[in-house]
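Here is the structure we will look at.
Values quoted throughout were computed directly from the atomic coordinates according to the rules given, and no laboratory measurement underlies them. Just so it is clear, the structure is predicted and the values come from calculations on it, not from any experiment. Positions of Cβ are generated from backbone atoms using ideal geometry, with glycine treated the same way; all protein chains shown enter the neighbour counts.
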Amino acid sequence: MAGLYIHIPFCKQKCSYCDFHFSTSLKYKTDLIQALLKEIEIKQDQIKEPIQTIYFGGGTPSILHQKELSSIVERIYTNYKVAEVVEFTLECNPDDIDSQKLKELKSIGVNRLSMGVQSFFDDDLQFFNRAHNANEAERSILKSQDEGFENITIDLIYGTPLLTDKKWKQNLEKIRDLNVSHLSAYTLTVEPKTALHHQVKTGQITPLSDEKVVRQLEMLIEQTKKYGLTQYEVSNFGKEGFYSLHNSNYWKGVEYLGFGPSAHSYIGEKRYWNISNNAKYIDAINANTNYFEEEVIDEKTAYNEYVLTRLRTIWGVDLTHLKTNFREEVNTHFEKEAAAYLKSAHLLQEKEVITLTHKGLFIADKITSDLFFV
Ligand SMILES: C[S@@+](CC[C@H](N)C(=O)[O-])C[C@H]1O[C@@H](n2cnc3c(N)ncnc32)[C@H](O)[C@@H]1O
Ligand code: SF4
């Protein structure tokens with residue numbers, strides 16, 4: 001089985017924290033879709049496995065019209081062997097969602113909606129420079145459920161300057177009240193070159209203290225557990241049967257093809273990443289010149305990526321996998337570094353699998369960097 005990722009690099013406005021690849025100008029939209037269609041076609045021989053997951057991410061895929069989305073989906077179905085049951089996710093911004101849009105999404109086969117809520121409070125949304133308000137956030141979920149979408153995931157951000165513990169608790173209570181089956185919750189990261197970075201650098205904003213961020217992470221773990229969601233990855237929480245198959249496959253090393261500017265692919269020991277510029281991507285695709293870079297994943301990279309991704313999940317690091325796939329020197333390094341954390345109960349070993357403990361979760365980055373083979 002394999003996955004497909006389609007990157008839609010357009011947004012209505014620039015959120016203050018975001019450094020993903022997108023443009024707020026729709027100037028190249030038509031040309032970009034044409035280039036995307038061509039890329040989908042050219043790559044058809046690269047994957048032999050049936051496609052089990054399709055994921056439209058961005059940017060803002062919900063910004064596209066029905067005709068544009070359906071032309072992309074059609075191109076996928078005519079060029080790839082798509083499995084009968086497919087998880088088909090599309091990222092939506094709440095302000096794009098109404099009954100008509102939801103019907104259109106359903107008609108092209110979307111069966112999982114990823115709603116970029118971020119917060120259910122207007123002051124946070126304004127602080128983020130989001131295009132939607134709190135009312136729209138809630139309404140988009142209710143409307144999606146009314147239209148029959150059962151598999152809805154929402155994104156929330158915590159550790160933000162205006163988010164008090166009381167508000168964070170209330171944001172999390174919406175999971176229960178709105179009967180949401182999946183949540184991706186991220187700590188606010190100040191990315192270079194973003195408006196947020198500028199605000200922090202010029203002293204307009206003071207980031208939340210580490211202590212407060214940790215407290216909100218604790219609240220997140222505790223409350224989601226109470227609502228029946230399992231933390232199956234550091235930032236991802238789902239009810240049983242609602243874990244993201246597409247993302248879980250990334251973490252399990254399943255192959256995928258990515259289309260569109262900045263999209264990554266992972267096929268047969270190689271990683272590819274497309275150029276992160278709309279105009280250059282279009283020109284290169286049209287001129288049949290190179291539009292991506294590639295790297296062969298050597299042993300060290302493969303090991304570091306395996307440890308980094310697997311330790312963040314409930315599936316953990318499998319010692320048998322390490323022994324089968326990596327040299328003795330690499331295994332010895334892992335065992336030596338892991339021993340101290342096992343002793344201090346930051347890591348837990350059950351049979352051949354090592355996972356983070358609750359205590360370990362709070363220093364996950366430190367543990368992984370110590371386990372890296374450099
Ligand atoms: C790239 S966005 C795409 C989804 C969609 N465009 C949206 O914003 O609703 C994916 C998610 O990443 C998260 N995110 C992006 N940048 C972040 C940052 N600097 N800190 C924390 N979360 C971030 C947000 O929760 C966002 O919904
Ligand atoms: S967070 Fe989403 S909507 Fe906002 S700029 Fe980034 S990709 Fe666009």
Expected vector for the stretch 115-128, Karplus 3J(HN,Hα) from phi with 6.51, -1.76, 1.60 and θ = phi - 60°, integer Hz, x for Gly and Pro, equals 9, x, 6, 6, 6, 9, 10, 4, 5, 5, 5, 5, 4, 7
Here the cysteines of the chain lacking a cysteine partner under 4.7 Å (Cβ to Cβ) are 11, 92
Phi-derived 3J(HN,Hα) across the stretch 140-152 with the Karplus relation (6.51, -1.76, 1.60, θ = phi - 60°), rounded Hz, x for Gly and Pro, is 5, 6, 4, 5, 4, 5, 4, 7, x, 7, 9, 9, 10
Dividing the surface of the Cα convex hull of the stretch 2-251 by four yields a projected area in nm² of 13.5
Ranked by GNM mean-square fluctuation in the chain (Cα springs under 10 Å), the top entry among 35, 279, 263 is 279
Amide H neighbours of residue 156 at under 5 Å, excluding residues fewer than 5 places away on the same chain, with H built from the backbone geometry, are 118, 184, 185, 186
Two pseudo-spin positions, 7 Å from Cα along C-beta at residue 302 and at residue 321, lie apart in nanometres by 1.3
Computed over the stretch 275-360, the convex hull of the Cα set has an average projected area, in nm², of 8.0
Calculated from DSSP helices alone, with each H run of at least 4 adding -39500 (n - 2.57) and the total divided by the residues of the chain, [θ]222 nm to the nearest 500 comes to -12500 deg cm²/dmol
Residue by residue through the stretch 222-234, the couplings from Karplus 6.51 cos²θ - 1.76 cosθ + 1.60 with θ = phi - 60°, in Hz, x for Gly and Pro, are 5, 5, 5, 4, 4, 8, x, 9, 9, 7, 8, 8, 2
So the FRET efficiency between residue 106 and residue 267, C-beta based with R0 = 22 Å and rounded to 0.05, is 0.10
Largest fluctuation, 342, 308, 217 only, Gaussian network model of the chain with Cα springs under 10 angstrom, belongs to 342
Amide H contacts under 5 Å for residue 347, restricted to residues at least 5 apart in sequence or on another chain and with H modeled in the peptide plane, are 342, 357
Here the gain from full extension of residue 314 to residue 169, 0.36 nm per residue of separation minus their alpha-carbon distance, amounts to 49.8 nm
Non-local residues with an amide H under 5 Å from the amide H of residue 276, with H modelled 1.01 Å from N and Pro and chain starts lacking one, are 262
With 0.36 nm assigned to each residue of separation and the Cα-Cα distance removed, residue 364 to residue 288 gains 23.1 nm
Sorted largest first, the Cα spans of the stretch 1-95 on the principal axes come out in Å as 40, 24, 23
Cα-Cα longer than 27 Å, checked against 81/174; 323/366; 12/81; 167/359, kept in input order, equals 81/174; 12/81
Once both label points are put 7 Å beyond Cα along the C-beta direction, the residue 351-residue 133 separation in nm becomes 5.4
The residues 92, 11, sorted from fewest to most surrounding Cβ atoms within 10 Å, come out as 11, 92
Convex hull around the C-alpha positions of the stretch 1-49: the volume in Å³ per residue is 87
Once residue 222 and residue 65 are pulled to full extension, the length gained, defined as 0.36 nm per residue separation minus their Cα-Cα distance, is 52.6 nm
GNM of the chain, Cα pairs under 10 angstrom: of 310, 112, 327, the biggest fluctuation goes to 327
